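Report on the following structure.
The values are calculated or read from the model by the stated rules, or taken from the named source; none is laboratory data. Values in this document were obtained by computation on a predicted structure and should not be read as measured data. With ideal geometry, Cβ positions are generated from the backbone for all residues, glycine too; neighbour counts draw on all protein chains shown.
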Amino acid sequence: MELGVICDHLESLAPKRLSAEWDNVGLLAGDPRAEVNRVMTCLTMTADTVTEAIERRADLVVVHHPLPFRPLTRLTADTPEGRYLLDLLAARIHIFSPHTAWDSAAGGINQKLAEGMGLEGIEPLIADAVDATVGEGRLGTIAMPLAELAAQVKQFLAVPHLRLVGNPDLHIERVAVSCGSGAAFLDAAKERGCEVLVTGEASFHQCLAAEASGVALLLPGHFASERFSMQILAADLVNQFTELEVWCSQDERDPMKLF
C-alpha cells in the first residue's frame, strides 16, 4: 500500500482545515510513494513508542501529538525529540499526525468522548465556519448529578480516578467536552450554558477560574482523554486497509501515576 493512499484516507477522517493555526498536522516525515505494510498508532512519541515501532518493524507511525511539533533549525541527538526523529528516520519509519484536526473531526476524539459519556444532542461547542456539524469541542445534554457523570467518564475511559472541581451533587444538564488541555474552552462552555466542562487537564489557576465562573470541571487526565481514540483510529485503518498490519502501541503508558 502506498503511503500517500493511507495519508489521503487519514486526511479524509481529519481534514487539515479543522486543525488549529498553530498546529503541525499531516505527513511530517516520509515519501508518499513509499510502500507501507505495518502501521502503529500511538498518542505520543516517547522512548518506549519509538523502540516499539522500530522493534516491530513499523513502516508508519500515526501519532496524535506531532513530531516535530515546531520548526527545527537543527536535527541532533542532543534532545529527546532529535533522538526520536533520528532513530525513526534511520529505520525508515514515516510519521503522520492528525492532532487538532482529529480532535475536531466528525468522528474524532471529542465526538467519541461525548458519545462514550452518554451525551445526547451532540454538536460542536464552537462550530466550524464551513461545516456546522464539526468544530472545536463538543456540547451535549444529560440529566444527572455531577458525581454520576464523573463515574460515567471514569468507566468509559477506564481510569480509577479523576480530578473534580465543583460540587459533586450539582445537577448537570449541559456538558461541554474538550480533550487534552482544553480548559481554554471554559468561557465558551459558560456562554453555551454548560454546567460542566470535561477536559483532560487544567492548571491551578484555570481550576480557580472555573470555580469562580460556576462551571464545574471533570479532569480524567490528558493521556486518558485522548489515548482511547488512537485505538479507534487503528481499528479504522484495519477495516479500510485489510492488507495492512495495524496495531495501537502496546508499550505506551501515562507518565503520570498515582502514588
Task: Flag for Asn24 being surrounded by 17 or more Cβ atoms within 10 Å (Cβ to Cβ) and either touching a strand residue (DSSP E or B) at 6+ places or on another chain (Cβ under 6 Å) or farther than 27 Å from His222 by Cα (or both) - done: no
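Yes/no per residue for (1) closer than 20 Å to Ile6 by Cβ; (2) under 19 Å from the mean Cα position of the chain (by Cα):
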site: Arg33; (1), (2): yes, no
site: Val39; (1), (2): yes, yes
site: Cys42; (1), (2): yes, yes
site: His64; (1), (2): yes, yes
site: Leu75; (1), (2): no, no
site: Asp78; (1), (2): no, no
site: Leu89; (1), (2): yes, no
Task: Residues that are without any contact (Cβ under 8 Å) to a residue 24 or more places away in the chain and part of a helix (DSSP H, G or I), drawn from the range 52-80 - done: Glu55
Task: Answer from Ala90, Ala143, Ala127 - the residue that is over 17 Å from Ser229 (Cα atoms), at pLDDT below 95 and surrounded by fewer than 22 Cβ atoms within 10 Å (Cβ to Cβ) - done: Ala127
TODO: Kindly list the number of the only condition in (1) under 23 Å from Phe241 (Cα atoms); (2) in contact with an Asp or Glu (Cβ under 9 Å, 6 or more places away or on another chain); (3) assigned by TED's automatic domain parsing to the domain that holds Leu218 that fails for Lys112.
DONE: (2)
- [ ] Search the range 226-253 for residues being surrounded by 13 or more Cβ atoms within 10 Å (Cβ to Cβ) and among the acidic types (Asp, Glu), and hand back the single one that is nearest to Val159 (Cα to Cα).
- [x] Glu226
TODO: Determine which member of the set Gly180, Gly121, Gly140 is on the phi > 0 side of the Ramachandran plot and more than 15 Å from the chain's Cα centre (by Cα).
DONE: Gly121
Open item on the list: Looking only at the range 174-195, filter to residues that are crowded, with 24+ Cβ neighbours inside 10 Å and in contact with a helix residue (DSSP H, G or I) (Cβ under 6 Å, 6 or more places away or on another chain); which one of those is nearest to Ile109 (Cα to Cα)?
Closed with: Cys179
TODO: Taking Ala91 as the residue in question, decide whether it is over 30 Å from Ala127 (Cβ atoms) and small (Gly, Ala, Ser).
DONE: yes
Open item on the list: Which condition from (1) touching a Phe, Trp or Tyr at 6+ places or on another chain (Cβ under 9 Å); (2) surrounded by fewer than 16 Cβ atoms within 10 Å (Cβ to Cβ); (3) within 25 Å of Ala106 (Cβ to Cβ) is the one that Thr199 breaks?
Closed with: (2)
- [ ] Kindly establish whether Ser104 is of a type in the set (Gly, Ala, Ser) and in contact with a helix residue (DSSP H, G or I) (Cβ under 7 Å, 6 or more places away or on another chain).
- [x] yes
